[in-house]
Amino acid sequence: MSQAARRLTKADLHLPCKRQAVYLLGKILARRLDDGSVLRGRIVEDECYLGGEDKASHSYNGRQTAGNEPMYMPAGTTYVYFIYGMYCCFNISSLEPGAAVLLRALEPIQGQEQMGKLRAAKQKSPLKSPLKEKDLCNGPSKLCMSFNITKNNCNKIDLTESEVLWLEDDGFEVEKKDIVTCKRVGIGSAGEEWVGKPLRFYVLGNPHVSKRDKKTEKKMSESD
DNA sequence: ATGCAGATCCGCT
DNA sequence: GCGGATCTGCATC
């Protein structure tokens, strides 16, 4: 780590969804495990899920249930949900009621060995090849496995107060020209209008991103 | 590099 | 009942 990291506060996270998603790129997610050790990863990819109109969002049409309640809580509250019978995804609520940012990929910067163990422990069958660092957290459910984030232990947490999960700024900045803005992933059934919205953000050239959008990257390089 | 099937189960209709 | 903000392995180009 380059310099002393500052913990993010309520004021830092008091942002509407899209601005929060962009703001979070380059920030650090920190996780304290039961044994006291701390894992850290830099956020390199995230996605917005808006409330109300957004057909891909769990809060579509203002739908509020016991499950998605954290999306309606103050900005900086965690929303973890269980998906596909075996995975979790990790979100951070933003300013608008019902809106949240899904973390899709992290660049591991501390505790890689522990992350590897946590990932391996979740595998059904033994790994054929050892996990490479870039494969530890390059997907929304992978980062949950590597950080031991489950609905059970990390849902509905205030990231500005928690002792087990928080955000940091270590001074690292992602340049605006290095932010790729493109379509979200995995929401094919949500209706074309919303599938196409540019609500995913990632750091250009970072090898820890889950899925690149080469068409968008090409357009960016052409308009230099 | 891209694509598809299968695993697997909670929460909502 | 049913579908899903995913991942892995295997097939094919």
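The values are calculated or read from the model by the stated rules, or taken from the named source; none is laboratory data. Every value quoted in this text rests on a predicted model; they were computed, and no experiment measured them. These area figures cover heavy atoms from the full protein model, side chains too; ligands, DNA and RNA do not enter into them. Shrake-Rupley method; radii C 1.70, N 1.55, O 1.52, S 1.80 Å.
Here are some notes:
- Phi-based couplings in Hz for the stretch A:62-79 (Karplus 6.51, -1.76, 1.60; Gly and Pro marked x): x, 5, 10, 10, 4, x, 9, 3, x, 5, 9, 8, x, 3, x, 8, 7, 10
- Kirkwood hydrodynamic radius (C-alpha pairs) into Stokes-Einstein, the stretch A:6-222, 37 °C and 0.692 mPa s, D in µm²/s: 189
- On the stretch A:1-116, 53 percent of the accessible area sits on carbon and sulfur atoms, based on a 1.4 Å probe.
- The stretch A:1-74, Cα convex hull volume normalised per residue, Å³: 128
- Solvent accessible area, Å² - A:GLU163, 1.4 Å probe, full protein context: 130
- The relative contact order of chain A, computed from alpha carbon pairs under 8 Å that lie at least 6 residues apart in sequence, is 26 percent.
- Pairs exceeding 29 Å between alpha-carbon atoms, taken from A:LYS27/A:LYS117; A:LYS132/A:LYS183; A:LYS117/A:LYS183: A:LYS117/A:LYS183.
- Flagged links, alpha-carbon separation over 28 Å, of A:LYS142/A:LYS215; A:LYS134/A:LYS214; A:LYS55/A:LYS122; A:LYS156/A:LYS214; A:LYS122/A:LYS176: A:LYS55/A:LYS122; A:LYS156/A:LYS214; A:LYS122/A:LYS176
- Rounded to the nearest 10 Å², the accessible area of A:LYS218 at probe 1.4 Å: 130
- A simple rule links phi to the HN-Hα coupling: the Karplus curve 6.51 cos²θ - 1.76 cosθ + 1.60 with θ = phi - 60°, which for the stretch A:151-161 gives 4, 5, 10, 9, 7, 6, 9, 7, 5, 8, 10 Hz, with x for Gly and Pro.
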